[in-house]
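Read through the structure below, which is laid out as structure tokens, and then see the notes.
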Amino acid sequence: MTDTDYQLIQCPNGHDLQAAKADMYKRLACPVCEIHFVPAEADNAVAPATPPVEMPYGTPGLALGQPDYPGTTEPLRYLWLFSFAVIFALNLVNYFSKNTFATPGQTPAPMFALIGCSFGIAGFAACIVQLMWIYRIHADAQKYGKYSTIPAWAALAVSFIPFVNLIWTAVIMKLLSNFADERAERRTAFKSASGVTTALVVISVVWLGLTGVFTYQSFGLRDQAIKNVKAEGITNANTPEFQRAVMKETQAITPKWMVATGGLIPLIAGITYFFAIRRLVDALYPALGAPTRE
């Protein structure tokens, strides 16, 4: 609802401010650039020789209404937390398993299939909800706060690029947290999301780097496993026996630190992302004019 006692104005340098109509002929001070100005000087009016009125940041809700917190935030948090926990569980099972492919005709344990299916369902749902959430928070930042660093369409489009989106999501969240800091830096109750989003960027870079290293090493491990199997006298690569032997040998020669790290890093990333999502929303939306949540 529009407040008729206030209106949105801009200082001479273009910063949005919230001004009381009673102060329109007074000398005001912009909290961003500290410039002094009189918004609506009447003919022959002289600004009073008094200390300037300190103006708060503009509240877009005066003209546009208050933005609503996105309802996808909590489902997104828990879907990704579950997905990352599943990855960790899969690596944990693989770490402690022995001779999974030892018996002829034996398929991987049902636990592997169950964990894999769970991850597929939860991961797919999390990706869909995340795309909706990313577009929503950027659209709200543009509408209510004139955010222009990353347009909503660009934030969404780049999120479809595999591997790049690992870092991209963290970076755009960091940029939005910086934007929220700039708009709400004078509010005493403001809780910044800058720290946790910075940590998310660092973890995402580490994760992407390890993914590249592990992918490269996995080809070498499989080639070595094939050589070891052929050295044991199993040479027909088109038989199920050969494939089982290669999988068993690959499992045996894969360093345990790779298995452990491959599960631990995504879990750390998931936990950090879990907290970063909520902290960003709780920092951004009050800066856009929404009521502060406890």
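Each label was represented as a point 7 Å from its Cα along the Cα-to-Cβ direction; for GLN224 and ALA29 these points are 6.7 nm apart.
Ordered by the count of other Cβ atoms within 10 Å of each Cβ, fewest first, ASP23, ASP223 give ASP223, ASP23.
When the Cα atoms of segment 144-208 are aligned to their principal axes, the ranges along those axes come out at 39, 26, 12 Å in descending order.
When LYS143, LYS174 are sorted by how many other C-beta atoms sit within 10 angstrom of their C-beta, beginning with the fewest, the order is LYS143, LYS174.
Counting every other Cβ atom within 10 Å of each residue's Cβ, PHE84, PHE179, PHE37 order from fewest to most as PHE37, PHE179, PHE84. Remark: for residue pairs LYS26/LYS174; LYS21/LYS146; LYS21/LYS191; LYS143/LYS174; LYS21/LYS174, the C-alpha separation exceeds 28 Å in LYS26/LYS174; LYS21/LYS191; LYS21/LYS174.
Please give the FRET efficiency for ALA237 paired with GLN217, using the beta carbon to beta carbon distance and R0 = 35 Å, rounded to the nearest 0.05. Step by step, r from the Cβ atoms, then E = 0.95. One compactness figure for segment 73-287 is 1.27, namely its Cα radius of gyration divided by 2.2 N^0.38 Å.
Amide H contacts under 5 Å for TYR147: GLN142, restricted to partners 5 or more places along the chain or on a different chain, H placed in the peptide plane at 1.01 Å from N. Computing FRET efficiency as 1/(1 + (r/R0)^6) for THR261 and MET132, where r is the C-beta to C-beta distance and R0 is 30 Å, gives about 0.45.
Here ARG278 and CYS117 are evaluated by their C-beta separation; at R0 = 30 Å the FRET efficiency comes out at 0.60. Each of the peptides 71-78, 134-141 was scored by the mean count of other Cβ atoms within 10 Å over its residues; in descending order, highest first, they stand as 134-141, 71-78. Using modelled amide H (1.01 Å from N, peptide plane; none on Pro or chain starts), what sits under 5 Å from the amide H of LEU28, excluding residues fewer than 5 places away? HN-HN under 5 Å from LEU28: PHE37, VAL38, VAL53. Projected label points at ASN178 and SER192, each 7 Å from Cα along the beta carbon direction, are separated by 1.3 nanometres. Taking 0.36 nm per residue of separation and subtracting the current Cα-Cα distance, fully stretching the chain between HIS36 and PHE163 would add 40.9 nm.
None of the figures in this text is laboratory data; all of them are computed from the coordinates on show. Keep in mind it's a predicted model, so treat the numbers as computed, not measured. Glycine also receives a Cβ, built like all others from the backbone with ideal geometry; neighbour counts cover every protein chain displayed.
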